[in-house]
Each structure stands twice: as C-alpha cells, then as structure tokens.
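The values are calculated or read from the model by the stated rules, or taken from the named source; none is laboratory data. It should be emphasised that the depicted structure is a prediction, and the values quoted were computed from it without experimental measurement. Backbone-built Cβ (ideal geometry, glycine too); neighbour counts: all protein chains shown. With ligands, DNA and RNA removed, areas are computed over all heavy atoms of the protein, side chains included. Shrake-Rupley method; radii C 1.70, N 1.55, O 1.52, S 1.80 Å.
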Amino acid sequence: METNLLLFIILLLSIVFNIALAYTVHKKQNQNKKLSIQLQKLKDLSTKFRDMVTQREDVFYKNLHNISVSFVKDVSESYLIYFDGDVGRVVSYVGGKNRATIIDKKVIKTELPYSANRVYVVNGSELKHIDFGPSQDKGIDSNDSKVLISDIHIGGELKAKLLIERQEPFVDEEIDMIKSLSGFFTSFIATHNYVSNQGRFEKDMILTMIRILEYHDTYTKGHSKNVATIASLIAEKLGLNDELIRKTYWAALVHDVGKIVVPSSILNKESKLTIEEFEVVKKHPVYGHDFLSTSPELRDLARYVFHHHERWDGKGYPAGISGEEIPLISRIIMVADSWDAMRSDRPYRKGLSKERAMEEILKHSGAQFDPNIAKIFIKMLADGEIQ
Ligand SMILES: [Fe+2]
C-alpha cells in the first residue's frame with residue numbers, strides 16, 4: 001500500500017496548494033464570509049479523500065461533480081463529460097431532466113466550445129446544437145443562459161469538461177473558485193485513473209498466473225475458482241467487511257500459485273507421493289508467498305497464502321503456528337480448500353459425497369480446522385447456501 005500512501009501525500013499537497021490559492025482569492029476579494037464557507041468545503045474534502053480515489057468509476061464522477069456544483073448557486077443544469085480521445089460521454093448529470101437519457105450520451109470534443117483559459121463562460125446559445133436531453137425548453141441549449149465551462153487537462157490532453165449552466169451571470173469569485181477546483185480535479189482524476197488501471201493490471205496478472213498453473217497442474221483446473229467462491233461466502237457469513245471479503249476471494253484464488261515451480265511429474269502423479277516428493281509439494285505456500293510479496297499491493301495476500309496449510313492444532317506447515325495465530329483468511333481458505341479437494345474426483349479415487357465430506361469437516365474441527373469456521377461452514381451447507 002506504499003504507492004497509495006504516496007498518492008495520498010501528492011493529493012494532500014494538491015489540496016494544500018488549492019487551499020492556498022483559494023486563500024489568495026479570498027484576500028484579494030475581501031469576501032470573508034462566503035469564501036470561508038467554501039474553504040471549509042475544500043477542507044472537508046480531504047477527509048473523504050482516500051475513499052474517493054478508490055471508488056467505482058460512476059460513483060467517483062458523481063461525487064466529484066456534486067462537489068463542484070455545490071460551489072455555485074442556483075445551477076439549472078450541469079454536465080460532467082469524460083473524454084476518451086475525441087469522443088466524450090456524459091458521466092454525471094445534475095438537473096431536472098431524466099438522468100437515464102443523459103448518462104452515457106456521446107459527445108464529440110470538437111463540437112464543444114474551447115478556450116485556452118481553461119475556465120471560461122459562454123452563452124447558452126453556443127451549446128444550442130448539442131442535444132443533451134429530450135427537453136429543449138429549459139437547459140443548456142436555452143438562449144439566454146450562461147454556461148461556466150471548466151476544462152480538465154491531464155498530461156496536456158483535454159480529459160474532462162465540466163459544464164455548469166444558470167440564468168444569472170457568473171461572478172469573478174465563482175469563476176476563481178472553479179479555477180482552483182479544476183487544478184484539484186486534475187490531480188484527482190489522474191490519481192483515480194492510475195489506481196483503477198493498477199487494479200486492472202494486478203487482476204490480469206493474477207488471472208494469468210492461475211491459467212499457467214492450470215496448465216501445469218491439471219487437478220487445479222476449476223479448483224482455485226471454487227475455493228475462492230466458497231472462501232468469500234464464508235468470509236461474508238463471518239461478517240467481514242467488503243475489503244476483507246475481496247482479499248479472501250483473491251488470496252483463495254491464488255492460494256496454490258506456488259505449485260507453478262513444483263515439477264508437474266510430482267503434481268500429476270497418480271500413485272502415492274514419496275516422503276521426498278511430499279516435502280517438495282509442501283514448499284508451495286512458501287513459493288506462492290515469494291511470488292506475491294514482490295508487489296506491495298499484494299503483500300497481504302502473500303501472508304494469507306503462506307499460511308493456508310497451517311492447522312488449528314499447530315501440526316500444519318510451513319510455520320507450524322496454531323489457533324488464532326494463523327491469519328483468519330488463511331483459516332477460511334484451509335476449510336474451503338479441503339472441502340473442494342474432498343468433493344473432487346482424483347485419478348485414484350472418486351470425490352466424497354456431500355454428507356461424507358461434511359462428516360470429515362466435523363471430525364477434524366478443532367484439530368485441522370478452526371472450530372468456529374467449521375461450525376459456520378457446516379450450517380451454510382445444511383442450509384443449502386453452499387453445494
Ligand atoms: Fe495448497
């Protein structure tokens with residue numbers, strides 16, 4: 001999470017810069033009261049910061065948009081448009097029209113007004129040709145309104161446009177405030193894009209590793225995904241928060257990734273393993289941990305993977321720790337992994353029936369498995385929540 005911390009610091013500096021800018025405006029215009037309210041709004045933003053950057057795209061834009069609109073009074077309509085090349089789409093809308101008909105609407109960049117000033121005001125008539133919504137009588141296309149436009153550039157490219165329409169002219173103070181916000185939003189959008197892309201990259205990387213493993217160890221096919229689904233259901237039942245449920249899913253998905261370096265002659269061997277061969281297999285949680293701990297973002301997952309063969313009674317491996325010393329997510333994976341392994345057919349035996357496998361879980365509860373997780377898991381099976 002060091003990268004996120006760095007981003008957080010950069011963003012925090014950006015807030016400080018913008019607050020300083022707003023403060024200059026404040027001195028210049030001597031409108032103490034109004035501005036101090038706006039400064040307070042900017043300060044309040046910093047507390048929401050971390051969460052907002054990692055929000056889902058639609059939620060992120062909606063929040064960003066609502067914040068900007070809150071700085072201007074009597075807004076009739078407002079659009080936030082995000083561009084991918086020359087084509088943009090409306091990602092958020094504030095106003096009286098039917099949102100569903102406006103969100104995702106395509107807009108061509110060159111058809112919108114542009115100014116090197118970055119923040120500028122145009123007449124509503126200049127946007128007349130752009131039919132944002134079904135209503136023509138009141139909105140951005142009306143002739144006598146004013147539209148405040150803020151262009152958000154990232155890396156020299158126009159990435160987003162904020163359009164705020166109202167009937168009354170805009171005053172300098174409002175334009176200055178939107179100007180200071182636009183610098184703030186540039187860093188915000190850039191960071192959000194970075195965080196989202198990074199998430200995507202990690203997911204792709206993990207899924208690729210799983211595919212490689214499935215090639216290498218035919219038995220793993222489908223197993224990783226089953227374990228991930230079961231483990232995240234247990235995590236949910238245990239009342240873990242969304243972040244931990246997500247981590248449970250991903251850690252369970254990659255729990256056996258260290259098997260990539262175990263010779264396939266051992267992994268796919270149909271007869272019983274020798275003691276030496278079993279010692280090699282036993283190294284896979286350590287290898288998995290080593291792969292994953294190269295990325296700071298995956299370090300938590302690495303720890304859960306490292307301990308997924310620990311037993312409640314301390315007779316597991318690689319660390320031989322026991323009880324609650326074992327991370328909770330690793331204890332969940334232990335149950336889900338054993339369940340799926342017992343239920344699956346192997347070259348040398350057929351998978352156990354649901355009833356027989358349930359008996360096994362109960363039998364080893366408190367020895368191999370965390371008794372509380374085993375109890376909850378058995379109840380979920382009995383209630384048909386897991387097949
Ligand atoms: Fe394993």
| task | Roll a 1.4 angstrom probe over the protein heavy atoms and tell me the percent of accessible area of segment 230-378 that is carbon or sulfur. | result | 53 percent
| said: What distance in nm separates the two pseudo spin-label positions at residue 171 and residue 58, each 7 Å out from Cα along the beta-carbon direction? | reply: 3.8 nm
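Using a Förster radius of 25 Å, what is the FRET efficiency between residue 103 and residue 242 based on their Cβ-Cβ separation? Nearest 0.05, please. It would help to have the intermediate numbers written out before the result.
Numbers: r = 25 Å, r/R0 = 0.99.
Using R0 = 25 Å, I get an efficiency of 0.50.
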| note | Using a 1.4 Å probe on heavy atoms of the protein chains only, the accessible area for residue 299 in Å², nearest 10, reads 110 Å²
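With +1 on each Lys and Arg Cβ and -1 on each Asp and Glu Cβ, how big is the dipole of segment 217-382 about its Cα centre, in debye rounded to the nearest 20? Please list the in-between numbers first.
Working: 24 positive and 23 negative charges, 97 e Å.
About 460 debye.
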| request: Would you mind checking 97/128; 106/225; 62/97; 221/247; 237/283; 97/161 for any pair whose Cα atoms are more than 27 angstrom apart? | output: 106/225; 237/283
| note | Checked against the positive end of the charge dipole of segment 249-378 (+1 on Cβ of Lys and Arg, -1 on Cβ of Asp and Glu, about the Cα centre), the farthest of 258, 304, 273 is 273
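On full extension of the chain, what length is gained from residue 283 through residue 115, given 0.36 nm per residue of separation minus the C-alpha to C-alpha distance? Provide the component values of the computation, followed by the final result.
Numbers: separation 168, 0.36 × 168 = 60.48 nm, distance 6.20 nm.
Result: 54.3 nm gained on full extension.
I want to verify the translational diffusion coefficient of segment 217-382 in µm²/s; compute it with Stokes-Einstein, Rh as the Kirkwood radius over Cα pairs, at 10 °C and 1.306 mPa s. Don't skip to the end; give the middle numbers.
Numbers: Rh = 16.0 Å.
For these conditions, the coefficient is 99 µm²/s.
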| note | Extension length gain for residue 212 and residue 343 (0.36 nm per residue less Cα distance), in nm, is 44.8 nm
| Per-residue SASA entry for residue 279, accessible area with 1.4 Å probe, Å² rounded to 10 | 90 Å²
| note | Extension length gain for residue 268 and residue 144 (0.36 nm per residue less Cα distance), in nm, is 37.1 nm
| task | List the aspartates and glutamates whose Cα lies under 18 Å from the Cα of residue 73, skipping any in the same chain that are fewer than 8 positions away. | result | 144, 165, 168, 172, 173, 174, 176
| field | Separation of the residue 229 and residue 322 label points, Cα + 7 Å toward Cβ, nm | value | 3.6 nm
